[in-house]
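Peer 1: What follows is a single structure, and I will ask about it in a moment.
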Amino acid sequence: MKDRYLFLFGGNPSLLQANQTFVQKCGGKKAHIALLITYSPKWKEYLPFYVQTWEELGINSYSVIMPDENNQLAYDQATNTLAQSTGIFIGGGSTYEYHKQYTKSPIKQLIKEHYYNGFPVAACSAGALISLTESFISPNESKTKEIEMIKGIGLLSNILIGVHYTEDKQEPYLHSALNQTSIPFGYGIDENACVVFKNEDHLTNIGNSVHSIKISSN
């Protein structure tokens, strides 16, 4: 069985060292990456934030999966794209939109199957949040201006994360979410940092900085 790798980016999808490791796990210069994003009229303008680093690393083979302007996702096309990919990168933006598009079957199951078959998954910001089994939308983004718990794709359980952690002052929200859920451990991931998991166990941190939080069981 192939090892499973999950890369959680805190906000900057173009981090060189993290992308070097991700691309290597995807097959190096033979990699074909599926980039999952949400629709925006300016989506092509945002594309370089993801793909420019891959191109600098010699990767010219990637495909974009996203809903159309009516927010409809072509599942047959997505299935075919994922079948040809050696890795998945889930982008950032509105957590609500990513949650709406990618945490429901059949696309959720396709992502999970790809991951459990040993194809690496990387996810940035909103994408990182929805990749977990359980996550939270902070008051900075929440429509209720309170912490909002959400169910995600389910690639990693019993851990919560905060993204844009220092930049958006997420520490009290991550602590509060951990206490609400009784999940004992969390990671605060700054915008220029990435946490890497191997077979659902923490492997390493890349960049600056990652903050570990453990909630006492007492």
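The values are calculated or read from the model by the stated rules, or taken from the named source; none is laboratory data. Quick caveat: nothing in here was measured; it's all calculated off a predicted structure. All Cβ positions, even for glycine, are placed from backbone atoms using ideal geometry, and neighbour counts span all protein chains on display. Please note that ligands, DNA and RNA were not included when accessible areas were found on the heavy atoms of the full protein model with its side chains. Shrake-Rupley method; radii C 1.70, N 1.55, O 1.52, S 1.80 Å.
Peer 1: Residues in the stretch 115-128 that are of a type in the set (A, V, I, L, M, F, W, C), open to solvent by 10 Å² or more (accessible area, probe 1.4 Å) and under 18 Å from residue 188 (Cβ atoms): how many?
Peer 2: Count: 0.
Peer 1: Can you report the number of residues in the stretch 18-39 which are touching a residue at least 40 places away in the same chain (Cβ under 8 Å), more than 19 Å from residue 128 (Cα to Cα) and out of contact with any strand residue (DSSP E or B) (no Cβ under 8 Å at 6 or more places or on another chain)?
Peer 2: Adding up the residues that qualify gives 1.
Peer 1: Now for a different question. Would you please name the residue that is farthest from residue 156 (Cα to Cα), looking only at residues in the stretch 8-22 that are open to solvent by 10 Å² or more (accessible area, probe 1.4 Å) and aliphatic (A, V, I, L, M)?
Peer 2: Among them, the one singled out is 16.
Peer 1: Condition first: surrounded by 14 or more Cβ atoms within 10 Å (Cβ to Cβ) and either modelled with pLDDT under 95 or at negative phi (or both). Now tell me which residues in the stretch 164-173 satisfy that.
Peer 2: 165, 166, 168, 170, 171, 173
Peer 1: Next up: Among the residues in the stretch 42-52, are any open to solvent by 40 Å² or more (accessible area, probe 1.4 Å), among the hydroxyl-bearing types (Ser, Thr, Tyr), closer than 30 Å to residue 106 by Cβ and at pLDDT 95 or above?
Peer 2: Scanning the stretch 42-52 turns up no residue that is open to solvent by 40 Å² or more (accessible area, probe 1.4 Å), among the hydroxyl-bearing types (Ser, Thr, Tyr), closer than 30 Å to residue 106 by Cβ and at pLDDT 95 or above.
Peer 1: Looking at 112, 104, which is the one that is modelled with pLDDT under 95 and either in a helix (DSSP H, G or I) or over 20 Å from residue 14 (Cα atoms) (or both)?
Peer 2: Just a single option satisfies the conditions, and that option is 104.
Peer 1: Which members of the stretch 102-114 meet the condition of being open to solvent by 20 Å² or more (accessible area, probe 1.4 Å), closer than 19 Å to residue 7 by Cβ and out of contact with any helix residue (DSSP H, G or I) (no Cβ under 6 Å at 6 or more places or on another chain)?
Peer 2: 108, 112, 113
Peer 1: I'm trying to understand the selection: among the residues of the stretch 131-146, which are open to solvent by less than 40 Å² (accessible area, probe 1.4 Å), part of a loop (DSSP other than H, G, I, E, B) and either in contact with a helix residue (DSSP H, G or I) (Cβ under 7 Å, 6 or more places away or on another chain) or closer than 16 Å to residue 210 by Cβ (or both)?
Peer 2: Hits for the stretch 131-146 are 138, 139.
Peer 1: Name the residue that is most open to solvent (accessible area, probe 1.4 Å), counting only residues in the stretch 54-101 that are in contact (Cβ under 8 Å) with a residue 40 or more places away in the chain and of a type in the set (S, T, N, Q).
Peer 2: 84
Peer 1: Continuing with the same structure: Which members of the stretch 174-201 meet the condition of being at negative phi and loosely packed, with under 15 Cβ neighbours inside 10 Å?
Peer 2: 179, 180, 184, 185, 198, 201, listed by residue number.
Peer 1: Test residue 38 against the criterion of being open to solvent by less than 40 Å² (accessible area, probe 1.4 Å), modelled with pLDDT of 95 or more and in contact with a His (Cβ under 7 Å, 6 or more places away or on another chain), and give yes or no.
Peer 2: The answer is no for residue 38.
Peer 1: Taking the options 8, 47, name whichever one is under 17 Å from residue 204 (Cα atoms) and in contact with a strand residue (DSSP E or B) (Cβ under 8 Å, 6 or more places away or on another chain).
Peer 2: 8 is the lone residue from the list that is under 17 Å from residue 204 (Cα atoms) and in contact with a strand residue (DSSP E or B) (Cβ under 8 Å, 6 or more places away or on another chain).
Peer 1: Okay, next question. Please count how many residues of the stretch 202-218 are open to solvent by less than 70 Å² (accessible area, probe 1.4 Å) and assigned to a strand (DSSP E or B).
Peer 2: Residues that pass the stated criteria total 8.
Peer 1: Still on this structure: Please determine, by comparing only the residues of the stretch 23-35 that are buried (at least 19 other Cβ atoms within 10 Å of the Cβ) and not in a loop (DSSP other than H, G, I, E, B), which one is nearest to the chain's Cα centre (by Cα).
Peer 2: Taking the candidates together, the pick is 35.
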